[in-house]
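The values are calculated or read from the model by the stated rules, or taken from the named source; none is laboratory data. Computed from a predicted structure; not experimentally measured. With ideal geometry, Cβ positions are generated from the backbone for all residues, glycine too; neighbour counts draw on all protein chains shown. The accessibility values were calculated without ligands, DNA or RNA, using every heavy atom of the protein model including side chains. Shrake-Rupley method; radii C 1.70, N 1.55, O 1.52, S 1.80 Å.
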Amino acid sequence: MEYKLGVVGSPIEHSLSPEIHNIFAQQLNIKISYEKYLVNTGELSNFCNQFFDNPNALGLNVTLPLKREVLELDANKSNIVNKIHSANTIKKDNKSLYLHSTDGQGLVNDLNKKNISIKDKKILILGAGGAAASIIPAISDSKPGCIEIANRSEENAKKLIGMFGEFVSLHEYKLGPDVIINCSSAGHDSSVPEFFNNLKISNDCILYDLSYGSPHKPTRNWFKKYSQYIYSGEGMLVEQAALSFEYWFGKKPNTKNINKEIL
Ligand code: NDP
């Protein structure tokens, strides 16, 4: 059987998910048809009704701006989805839908692959949107020394902190972090947020930017004035995709060298 899969969001043209999943399917000798679908806010429920009506439909990846709207579907939610209130993967199994999020574990898997240790480290997360929320539980499972948040809107940072309790706190621009994880989407407007300039950054500080491609460039150029340890989000993209694939098929694809093949 050829399994029907896809990614939904808006915009969607730029998505690399079809290429990544087609490589995984080839590796594991599974037949898939994986398409990009432009689905706007408010349209997801109708789209899913039609998509999953097809008996070969197995799953969808969900990207911006639908990662919260997806929770409105009549679906079973994994523990992590209940914690972070967003999902990036839908699976149909035995006529029921299941929601999961692979972003946080995808980041941690890529950090491990790059030998970037989180344990006992001072972690600063820049940004307080969906991606920041998705990675906090996975980062905190790696037992960092502390997790702080800095964001353009302090109100949104405080809301995020409120979701996770004591182990996450508001950044006060005193601490020099060991690892900065940029979850701000400012790079999509080719900008670097003003508040970045108030950060204290040592020359051995590591920057992991969730953005990749051209939105990564402004942050990269700004950070390289301070430190040379800079990583962009392609690795996380591939790792979260591998975890979605494993969620659908129960088989783990090999992520080695995928970046070279698609990026
Ligand atoms: P959201 O829209 O949920 O959050 C965006 C965040 O960026 C908010 O904190 C917002 O601040 C901040 N922001 C946006 N524009 C600006 C600006 N001009 N100046 C300062 N701050 C700004 O987006 P996500 O959290 O879902 O995504 C964030 C980034 O992570 C995106 O670049 C996305 O592509 C990337 N990503 C990468 C993944 C990967 O696999 N590599 C997976 C998921 C996301 P405020 O609260 O003040 O509005």
Candidates per GluC sites (Glu not before Pro) in the stretch 117-185, loop by DSSP, up to 14 other Cβ within 10 Å | 172
Percent of all Cα-Cα pairs per 5 Å bin for the stretch 48-178, counting from 0 up to the last occupied bin, reads 2, 10, 19, 19, 17, 13, 9, 6, 4, 1, 0, 0
The chain - Rg over Rh from alpha carbon coordinates, Kirkwood radius | 0.97
Which loop trypsin sites (Lys or Arg not before Pro) in the stretch 196-227, with loop taken from DSSP, have no more than 15 other Cβ atoms within 10 angstrom of their Cβ?
-> 200, 224, 225
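Given 0.36 nm per residue, what is the gain on full extension from residue 96 to residue 19 after removing their alpha carbon distance, in nm? Don't skip to the end; give the middle numbers.
Values: separation 77, 0.36 × 77 = 27.72 nm, distance 2.72 nm.
Separation in residues times 0.36 nm, less the Cα-Cα distance, equals 25.0 nm.
For residue 54 and residue 41 in the same chain, what is the full-extension length gain: residue separation times 0.36 nm, less their Cα-Cα distance, in nm?
Details: separation 13, 0.36 × 13 = 4.68 nm, distance 2.25 nm.
Difference between extended and current length: 2.4 nm.
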What trypsin sites (Lys or Arg not before Pro) does the stretch 1-76 have in DSSP loop regions with at most 10 other beta carbons within 10 Å?
-> 31
Taking all pairs of distinct Cα atoms, average 1/r, flip it, and tell me the Kirkwood hydrodynamic radius of the stretch 42-120 in Å to one decimal place.
-> 13.7 Å
Could you pull out which residues in the stretch 137-162 have an amide N less than 17 Å from a spot 7 Å beyond the Cα of residue 200, following the Cα-Cβ vector?
-> 146-150
Could you look at the chain and say what percent of its accessible area is carbon and sulfur, using a 1.4 Å probe and all protein chains?
-> 44 percent
For the chain, modelled as a GNM with alpha-carbon contacts under 10 angstrom, which of 109, 40, 88 fluctuates the most?
-> 40
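Relative contact order for the stretch 53-103 using alpha-carbon pairs under 8 Å, separation at least 6, rounded to a whole percent?
Details: 77 pairs, mean separation 19.6, N = 51.
Once normalised by length, the contact order is 38 percent.
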Largest-first ranking of 1, 236 by accessible area, probe 1.4 Å, whole protein assembly kept, is 1, 236
The answer for the stretch 35-96, accessible area per residue at 1.4 Å probe in Å², is 56 Å²
Between 237, 126, 73, find the one with the highest GNM mean-square fluctuation for the chain; connect C-alpha pairs within less than 10 Å.
-> 73
Put +1 on the Cβ of each Lys and Arg and -1 on the Cβ of each Asp and Glu in the stretch 114-263; which of 173, 215, 127 then has its Cα farthest toward the positive end of the dipole?
-> 215
Could you give the distance between the Cα centres of the stretch 56-84 and the stretch 155-175, to the whole Å?
-> 25 Å
Pop a pseudo-label 7 angstrom from the Cα along the beta-carbon direction at both residue 191 and residue 142 and give the gap in nm to one decimal.
-> 3.0 nm
Using 15 Å as the cut-off for backbone N distance, which residues of the stretch 120-157 belong to the label zone defined by a point 7 Å from the Cα of residue 166 along Cα→Cβ?
-> 146-147
With charges set only on the Cβ (+1 for Lys and Arg, -1 for Asp and Glu), what does the dipole of the chain come to about its Cα centre, in debye to the nearest 20?
-> 560 debye
Using a Förster distance of 25 Å, the FRET efficiency for residue 116-residue 251 (Cβ separation, nearest 0.05) | 0.40
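Over 23 Å between C-alpha atoms is what I'm after, so list which of 83/217; 4/113; 122/225; 36/217; 114/158; 4/252 land there. Don't jump to the answer; show the numbers that get you there.
Details: 83/217 32 Å; 4/113 30 Å; 122/225 21 Å; 36/217 25 Å; 114/158 31 Å; 4/252 18 Å.
Pairs exceeding the cut-off: 83/217; 4/113; 36/217; 114/158.
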Over the chain, what is the percentage of antiparallel beta bridges among all DSSP beta bridges, to the nearest 5?
-> 20 percent
